[in-house]
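The values are calculated or read from the model by the stated rules, or taken from the named source; none is laboratory data. Owing to the predicted nature of the structure, the values given are computational and were not obtained by experimental measurement. Please note: Cβ atoms are built from the backbone with ideal geometry, for glycine as well, and neighbour counts cover all protein chains shown. When the accessible area is computed, the model is the full protein with side chains, heavy atoms only, and any ligands, DNA or RNA have been set aside. Shrake-Rupley method; radii C 1.70, N 1.55, O 1.52, S 1.80 Å.
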Amino acid sequence: MTPATARSWLRRFRPRPGALTRLVCLPHAGGGANAYRSWAALLPPGVDLVCVQYPGREDRFGEAPVDDMAAVVDAVAAELAPLLDRPYSLFGHSMGTAVAYELARRLRADGLPEPDRLFASGRRAPADAPPGRVHLADDDAIVSELVRLGGTRREVLDEPALREAVLAYVRNDYRLIERYTPFPGPPLSCPVSVFLGDDDPEVDADLAARWSATTSGRVDVRVFAGDHFYLGPEREAVVSEVLRRMDPALAAAAGPWPSTP
């Protein structure tokens, strides 16, 4: 990968330029584009998967992380705009949900279409999310938070060098999301689908329904078995539900795990 490519905010693991629609996925705090890499094998040829890669991790490890929501949204919107030549949907998990919501509104403000659908996973509606102070805590407290939520392998946190590297961008991401408040402007008009695990300590079905304040469109809530990171064990079910909401014909065309391109 060239330095210029590494600096890009978007990853396409199996580019499908002839696809009818695009699915743009935004990772959680501490996560990277690889969180969605396995989805590519579950998607039919009609869907082009585009994953956002935040700086400071994975193939952008050498870059300084960005801890300002507006700067992240501006950068992603600029790179994504040329790819909006066909319908698209946004899927965000946890912190990525807030980024996806503001990205949709920023694209609309730039005169581009809203997504066909916003998928909001594992997070309360923007106006309901409480402020946090995890980013101000010491390393041990941040590790405890990661363990509470799951999603980070314990052996990574137990190895000093890996722990130091991971905590650098995790703290940055917590700083970004804990200082974020919804930007001014009208709500969306697209439908919003809210996904969550039934044992998520951050959000429940009642809180998820409050996403209705973010759009004049329809809101539906789907609860899966699992905790905050239900996306891993429930991968196939999640992708199936995403496709069914994008277009039932896409769900019918999807292959079993693992499928070929």
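When you check Leu207 against the structure, is it within 20 Å of Leu42 (Cα to Cα) and open to solvent by less than 60 Å² (accessible area, probe 1.4 Å), yes or no?
Numbers: within 20 Å of Leu42 (Cα to Cα): no; open to solvent by less than 60 Å² (accessible area, probe 1.4 Å): yes.
The answer is no for Leu207.
Residues checked against (1) of a type in the set (A, V, I, L, M); (2) surrounded by fewer than 24 Cβ atoms within 10 Å (Cβ to Cβ):
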position: Ala81; (1), (2): yes, yes
position: Leu84; (1), (2): yes, yes
position: His93; (1), (2): no, no
position: Arg105; (1), (2): no, yes
position: Leu112; (1), (2): yes, yes
position: Asp116; (1), (2): no, yes
position: Ala120; (1), (2): yes, no
position: Asp128; (1), (2): no, yes
position: Val134; (1), (2): yes, yes
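Scanning region 16-35 for residues that are out of contact with any Lys or Arg (no Cβ under 7 Å at 6 or more places or on another chain) and of a type in the set (A, V, I, L, M) gives Ala19, Leu23, Val24, Leu26, Ala29, Ala35.
Matching residues to (1) farther than 14 Å from Thr97 by Cα; (2) in contact (Cβ under 8 Å) with a residue 12 or more places away in the chain:
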position: Leu118; (1), (2): no, yes
position: Arg124; (1), (2): no, yes
position: Asp206; (1), (2): yes, no
position: Arg222; (1), (2): yes, yes
position: His228; (1), (2): no, yes
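Within region 161-178, residues that are modelled with pLDDT of 80 or more and crowded, with 20+ Cβ neighbours inside 10 Å reach partners that are among the acidic types (Asp, Glu) and outside any helix (DSSP H, G or I) with beta carbons closer than 6 Å, at six or more positions or on different chains, in the pairs Asn172/Asp67; Leu176/Asp67. Annotation: Gly31 fulfils all but one of (1) open to solvent by less than 10 Å² (accessible area, probe 1.4 Å); (2) at pLDDT 95 or above; the unmet one is (2).
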